[in-house]
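Please read the structure below before turning to the comments.
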Amino acid sequence: MTLGSLMHVNSRLHFALDFDGTICPIDTTDFLLESFAEPEWRAIEDRWQAGEISSRACLAAQVALIRASEEEVRRALATVTLDPDVPLFVDAARRYGADVSVVSDGFDVSLLPLLAAAGLDLPVTCNQMLPVGENRWAARFSNGAEGCGSGTCKCAATGSRQPLVLIGDGRSDFCLARRADFVFAKGSLAAFCVDESLPHLAITGFADVLAFLPALIAEMSPTLPVSTGTSFEDLNA
């Protein structure tokens, strides 16, 4: 079965983009923790990795260990750069008439300034990291959902959007990957897609997404005048 047979041709294609490890090559939350948090954050991370606590509980406990001023956080994040091909991808996707949004289990304090610095004006759903005085911070989760352990429930954030393409890299993307019509997958998400037999393409960055975007559009919206000699049967062979 091809992707084209799964789609309603007249539907508006939506790309849901993860941020940490995807739009941004590094995990900015880990970057802030490594830069400013008390060392106990690593033990909390181990508990999350072992499945003992949820992502939301892990993030809340870790953020509470950060000791930095707002200016120190801003200066640190100013050294971080995004995948340089993301703006090119966004422009290309929009030229095809697709919508693009960011859905992240990371924090606004990282996402919003980094996206703005790259000239990316995109809808963003993410967690909040708030200064609470004396160089301390607290996490706020306004986009969760009952039964979801993530701070941001990516399934709820994307609602009933179809056709849906996910671009992601890790555990926070697993649930949405099952609902997506296609996945561009980095890291552990690629292995998950293999294990779950989900339609996907393993990538190393947005250059790979750009290279195969015409093939994806041809499969999902075959009425568009896209010329490509590659099918998704070939990509997943």
For the chain, list the cysteines whose Cβ sits under 4.7 Å from no other cysteine Cβ?
CYS24, CYS58, CYS126, CYS155, CYS175, CYS193
Accessible-area composition of the chain, carbon plus sulfur, in percent [1.4 Å probe]
51
Cα gyration tensor shape for the range 139-184, rounded if a/c is under 1.5, else prolate or oblate
prolate
May I ask you to order 109-117, 72-80 by the average number of other C-beta atoms within 10 Å around their residues, highest value first?
109-117, 72-80
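Could you rank the peptides 52-63, 91-102 by their average count of other C-beta atoms within 10 Å per residue, with the highest value first? Kindly include the intermediate steps, with their values, before the conclusion.
Values: 52-63: 19.1, 91-102: 16.2.
The densest-packed peptide leads the list: 52-63, 91-102.
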Return the sequence-ordered ³J(HN,Hα) values of the range 108-115 in whole Hz as given by the Karplus equation 6.51 cos²θ - 1.76 cosθ + 1.60 applied to θ = phi - 60°, using x for Gly and Pro.
4, 4, 9, 4, 5, x, 6, 5
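Rounded, prolate or oblate, given the Cα gyration tensor of the range 1-113, with a/c below 1.5 counting as rounded?
Numbers: a/c = 3.32, a/b = 1.74, b/c = 1.91.
Oblate shape, in that a/c is at least 1.5 and b/c is the bigger or equal ratio.
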Quick note, the range 97-146: a/c under 1.5 would make it rounded; otherwise a/b > b/c is prolate and the rest oblate (a ≥ b ≥ c, C-alpha gyration tensor); here it is oblate
Report the charge-dipole magnitude of the range 130-189 in Debye, nearest 20, computed about the Cα centre from +1 at each Lys and Arg Cβ and -1 at each Asp and Glu Cβ.
40
Along the charge dipole of the range 143-224, Cβ charges K/R +1 and D/E -1, which of PHE206, ALA156, ALA180 sits furthest on the positive end?
ALA156
For the pair ALA78 and SER11, how long in nm is the line joining their label points, each one 7 Å along Cα→Cβ?
4.4
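Could you tell me the relative contact order of the chain? Use alpha-carbon pairs under 8 Å, at least six residues apart, and round to a whole percent. The partial results should precede the final answer.
On the way: 406 pairs, mean separation 58.1, N = 237.
Over the chain, the number comes to 25 percent.
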Can you give me the C-alpha center-to-center distance between the range 122-199 and the range 35-80, rounded to a whole angstrom?
18
Given a Förster distance of 41 angstrom, what is the FRET efficiency for GLU52 paired with ALA116, based on the Cβ-Cβ distance and rounded to 0.05?
0.70
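The values are calculated or read from the model by the stated rules, or taken from the named source; none is laboratory data. These numbers were taken from a predicted model, which means no experiment stands behind them. Cβ atoms come from the backbone with ideal geometry, glycine included; neighbour counts cover every protein chain shown. The accessibility values were calculated without ligands, DNA or RNA, using every heavy atom of the protein model including side chains. Shrake-Rupley method; radii C 1.70, N 1.55, O 1.52, S 1.80 Å.
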